[in-house]
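The values are calculated or read from the model by the stated rules, or taken from the named source; none is laboratory data. Remember, predicted model here, so these are calculated numbers, not experimental data. Cβ placement follows ideal geometry from the backbone for every residue including glycine, while neighbour counts extend to all protein chains displayed. Just so you know, the surface numbers come from the protein's heavy atoms only, side chains and all, with ligands and any DNA or RNA stripped out. Shrake-Rupley method; radii C 1.70, N 1.55, O 1.52, S 1.80 Å.
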Amino acid sequence: MTQALDPTAFDVLTFDCYGTLIDWETGLLTALRAELAGAVAGAADDELLEAFAAVEHAAQTPYQPYRDVLAQALREVGGRYGAAPSGEQQARFAGSVPDWPAFPDSAPALARLQRRYRLVPITNCDDDLFAGSAAQLGITFDAVVTAQQAGAYKPDEQPFLLAFKRIGVPRERILHVAQSRFHDHVPAKRLGLTSVWINRRAGRPGEGATPQAQAAPDVELPDLAALADLLTG
C-alpha cells in the first residue's frame, strides 16, 4: 500500500460520511445505550458495535429507508440482550443520526480540500438525516448521493453509479475516501476507483460497526487532516 498520491491526478473526491466524516461509532453507542439502558450496561463498546454490524446490513436488503433500517437494527440488537424497545424508542434511535458528532478534523480538512477539488459524499442514509449531519461539516458539497436517491445501500454499486452520472468526469479522475472497507473499498476497487482508507480505528482490533471485509485501498491514513496534508500540502 503506497502512501503517495499525485494531487493533480484527481478532480473530484467522493466520501463515505458515517465513520469517515461523522463519528458514527460514538453516535451509535450513545444512542444504543440511551435506548437499551440497563440491558446493555455490561456490554463492552466493541461488543455493541459488532452486534449492530451483524444486523444492519441484512436490514438494508431489500431497500428500506434508513430510519426503518435503524429501527429494525435496534429491535434486533435489543433482542440479543433481552430488551424489547418500544416504538417511541425505535423512532428516537432512528432520528438520532443528526446528533452523531463530526470528527474534529473533518470540517477544517474539508474546507482545505474544497479549494482544489469538488467534494461529493456517497452516503448510506436518508436525505433528511444526512442534511442534519452535513450542517456540522461547515461546507456546501458540490453534489450529494444518498441511499434514498439510489434506492440501494453500499456495498451495492448503484450509489457509485449514480454518483458517476452526476459528477460527469472519468472514473480515473475520482478519488474515493472512506473508512469502511466493506461498504466502500470493496465496491470502489471493483469499479476501478483509486481509494484512500481513513483508518479511524487504527490500533483497535476488529471492524467495529462494519462487517469484516478484505479490500486493497491504495493509501491508508489515520484521519482527514492527513489527507488534506497529502493532497494540498
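Protection proxy ranking, highest mean first, for peptides 215-223, 148-156: 148-156, 215-223, where packing is the per-residue count of other beta-carbon atoms within 10 Å, averaged.
Determine the percent antiparallel among the DSSP beta bridges restricted to the chain, to the nearest 5. Roughly 5 percent of the DSSP beta bridges within the chain come out antiparallel.
Using a probe radius of 1.4 Å on heavy atoms only, what accessible surface per residue do you get for the chain? Whole Å² is fine. Before the final figure, lay out the partial values.
Working: 9240 Å² over 233 residues.
That works out to 40 Å² per residue.
Highest average first, the peptides 196-209, 162-175 ordered by how many other beta carbon atoms sit within 10 Å of their residues are 196-209, 162-175. Maximal additional length on extending the LEU191-THR232 stretch stands at 12.2 nm, based on 0.36 nm per residue less the C-alpha distance. Rg/Rh for the chain stands at 0.96; both radii use Cα atoms, and Rh follows the Kirkwood definition.
Summarising the label geometry, the points placed 7 Å from Cα in the beta-carbon direction at GLU47 and ARG33 lie 1.4 nm from one another. Using the Cβ atoms and a cut-off under 12 Å, what net charge is assigned to the surroundings of VAL40, where Lys and Arg are +1 and Asp and Glu are -1? Around VAL40, the surrounding residues sum to -1. Taking amide H positions as modeled 1.01 Å from N, with prolines and chain starts lacking one, the residues under 5 Å from ILE22 and 5 or more places away or on another chain are PHE103.
The simple Förster model, with R0 at 22 Å and r as the Cβ-Cβ distance, assigns ALA107 and ASN199 a FRET efficiency of 0.65. Treating each Cα of the stretch 34-131 as one equal point scatterer and applying the Debye formula with no solvent, the log10 of I(q)/I(0) at q = 0.10, 0.11, 0.14, 0.16 Å⁻¹ comes out as -0.35, -0.42, -0.64, -0.79. Computed over protein heavy atoms with a 1.4 Å probe, the carbon and sulfur contribution to the accessible area of the chain reaches 51%. Segment ARG115..ARG171, full-extension length gain: 18.1 nm, with 0.36 nm per residue of separation and the alpha-carbon distance subtracted.
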